[in-house]
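Trainee: First the structure, which I've put down as structure tokens, then a few questions once you've had a look.
The values are calculated or read from the model by the stated rules, or taken from the named source; none is laboratory data. Small disclaimer: the values here were computed from a predicted structure and weren't measured. No Cβ is skipped: glycine too gets one built from the backbone with ideal geometry, and neighbour counts run over all protein chains shown. Only protein heavy atoms, including side chains, enter the accessible area calculation; ligands, DNA and RNA are left aside. Shrake-Rupley method; radii C 1.70, N 1.55, O 1.52, S 1.80 Å.
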Amino acid sequence: MSNAIEAEGLVKRYGETTALGGVDLVVPAGKILGVLGPNGAGKTTAVRILATLLRPDAGRATVGGYDVVKEPVAVRQLIGLTGQYASVDEDLSGRENLVLIARLLERSKAEARARAVELLAQFELTDAADRAVKTYSGGMRRRIDLACSLVGRPQVLYLDEPTTGLDPHARNEVWAVVRRLVNEGVTVLLTTQYLEEADQLADRITVFDHGMVVADGKPDELKRKTGGQTLQVRPARMADMDLVDRILLDLTGMRPVKDYDTGMLSTPVDDPVLLSTLVRRLDEAGIVADELALRLPSLDEVFLAITGDREGAKV
């Protein structure tokens with residue numbers, strides 16, 4: 001199976017509102033597709049169609065080669081879904097939640113217990129296995145929720161904003177779990193409101209806006225399409241900012257943006273060779289730089305350039 005998910009021309013309307021206006025998606029097996037877009041862009045609608053929870057008004061989609069409308073039972077046997085909020089029973093222990101789901105999937109008692117032990121170890125929850133989930137930290141709750149979505153050993157996993165509300169440490173824990181799953185061959189479709197998350201995890205990114213796909217590509221491809229590189233300099237002494245300003249203007253022909261709060265000067269460049277020239281010019285002028293970098297646009301900048309700043313960087 002070369003592509004785990006294929007969708008073509010998906011349309012979904014709610015009265016006069018078009019949630020999806022003809023969406024195409026392709027997710028190769030064993031890869032992560034990050035889906036971004038402003039609130040109301042159609043991301044969750046697309047996930048619900050691919051998870052057989054909604055029927056499209058037009059278009060078609062397959063998961064693992066099975067049609068989501070004509071063969072929903074076969075699709076459901078292949079997928080796992082983790083939503084924005086933990087869906088486990090907080091009064092039960094982590095072990096009891098996992099055993100319950102396994103039994104609902106018609107596993108025997110012995111198989112259910114064995115799968116629970118396996119997943120608790122995989123998600124580093126063995127020590128908390130018999131504690132009520134309501135006593136878990138935020139990161140632990142997300143891990144047990146992910147574990148529950150994997151009880152049936154899905155080939156395709158939908159993660160709908162899986163780290164919302166988590167602190168950076170807990171978010172990193174979830175990221176590590178997702179990377180491990182992909183290394184084991186699981187295909188992931190990830191919707192997220194954290195652009196850094198998509199940048200860190202996704203092999204490819206699709207951007208939705210007004211129910212349409214408005215951009216698609218690898219993170220670096222999208223960054224290069226949006227604009228050139230940015231040269232950034234932060235001199236060790238604030239007193240040198242004006243001299244650095246003149247050097248950058250001379251090299252690029254453009255007046256750099258100066259941030260006096262951070263001491264950073266930034267200017268767009270098309271020629272990466274300018275970096276070595278700048279280093280030489282700074283050395284000749286006796287200027288020490290605390291920070292000197294040539295970078296592509298951030299994914300935040302790409303997102304805002306594509307969709308406009310309607311809701312900041314919230315997707």
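Trainee: Would you kindly derive the ³J(HN,Hα) couplings of the stretch 17-29 from the backbone phi angles with the Karplus curve 6.51 cos²θ - 1.76 cosθ + 1.60 (θ = phi - 60°), listing them in order in whole Hz, with x for Gly and Pro?
Mentor: Calculated HN-Hα couplings, in order: 8, 9, 6, 10, x, x, 9, 10, 9, 9, 10, x, 4 Hz.
Trainee: Write down the accessible area per residue of the chain in Å², having rolled a 1.4 Å probe over the full set of protein chains. Could you put the intermediate results ahead of the total?
Mentor: Details: 15370 Å² over 315 residues.
For the chain, the per-residue accessible area is 49 Å².
Trainee: Multiply the residue gap between Ala29 and Asp261 by 0.36 nm, knock off their C-alpha separation, and tell me the result in nm, one decimal place.
Mentor: Numbers: separation 232, 0.36 × 232 = 83.52 nm, distance 4.65 nm.
78.9 nm is the gain from fully extending Ala29 to Asp261.
Trainee: Cβ neighbours within 10 Å, averaged per peptide: list 134-141, 45-52 in order, most packed at the top. It would help to have the intermediate numbers written out before the result.
Mentor: Values: 134-141: 16.8, 45-52: 22.6.
In descending order of packing, they fall as 45-52, 134-141.
Trainee: Note the angle between two axes, namely the Cα long axis of helix 274-284 and the longest principal axis of the Cα atoms of the chain, as a number of degrees from 0 to 90, rounded to the nearest 10.
Mentor: For 274-284 against the chain, the angle is about 50 degrees.
Trainee: Normalised by the residues of the chain, what does the relative contact order come to in percent, with Cα pairs under 8 Å and at least six apart? Walk me through the intermediate numbers first.
Mentor: Details: 596 pairs, mean separation 64.9, N = 315.
Computed value for the chain: 21 percent relative contact order.
Trainee: At a Förster distance of 25 Å, what's the computed FRET efficiency of Thr17 paired with Ile306, Cβ-Cβ distance as r, to 0.05?
Mentor: Working: r = 22 Å, r/R0 = 0.87.
Computed FRET efficiency for Thr17 and Ile306: 0.70.
Trainee: Could you check how much of the accessible area of the stretch 201-282 is carbon and sulfur, as a whole percent, using a 1.4 Å probe? Show your work: numbers first, answer last.
Mentor: On the way: 2200 of 4310 Å².
Solvent-exposed carbon and sulfur of the stretch 201-282 make up 51 percent of the total.
Trainee: Related question: So the label point goes 7 Å from the Cα of Glu106 along Cα→C-beta, right? Which residues of the stretch 130-164 then have their backbone N under 20 Å from it?
Mentor: Inside the label zone: 149-156.
Trainee: Next question, about the same structure. Nearest 500 deg cm²/dmol is fine: what mean residue ellipticity at 222 nm does the chain get from its DSSP H runs of n ≥ 4 alone, each adding -39,500 (n - 2.57), divided by its residue count? Don't skip to the answer; put the middle values down first.
Mentor: On the way: 11 runs with 113 residues, N = 315.
Theoretical 222 nm ellipticity from helices: -10500 deg cm²/dmol.
Trainee: Here's another thing I want to ask about it. Relative contact order for the stretch 129-253 using alpha-carbon pairs under 8 Å, separation at least 6, rounded to a whole percent? Spell out each step's value before the answer.
Mentor: Values: 81 pairs, mean separation 20.7, N = 125.
Relative CO of the stretch 129-253 lands at 17 percent.
Trainee: To test your reading of the geometry: what angle, between 0 and 90 degrees and rounded to tens, separates the Cα axis of helix 109-122 from the longest principal axis of the chain?
Mentor: Once rounded, the angle reads 10 degrees.
Trainee: Further, regarding this structure: Kindly express, to the nearest 10 degrees and within the range 0 to 90, the angle between helix 138-149's C-alpha long axis and the longest C-alpha principal axis of the chain.
Mentor: 50 degrees
Trainee: Now for a different question. Which whole-number percentage describes the relative contact order of the stretch 1-151, with Cα contacts under 8 Å and a sequence gap of 6 or more? Each step should come with its number before you reach the end.
Mentor: Numbers: 220 pairs, mean separation 29.2, N = 151.
Result for the stretch 1-151 is 19 percent.
Trainee: Mind checking which of Leu104, Leu304, Leu157 has the largest fluctuation in a GNM of the chain, springs on alpha carbons under 10 Å?
Mentor: Result for the chain, Cα springs under 10 Å: Leu104 fluctuates most.
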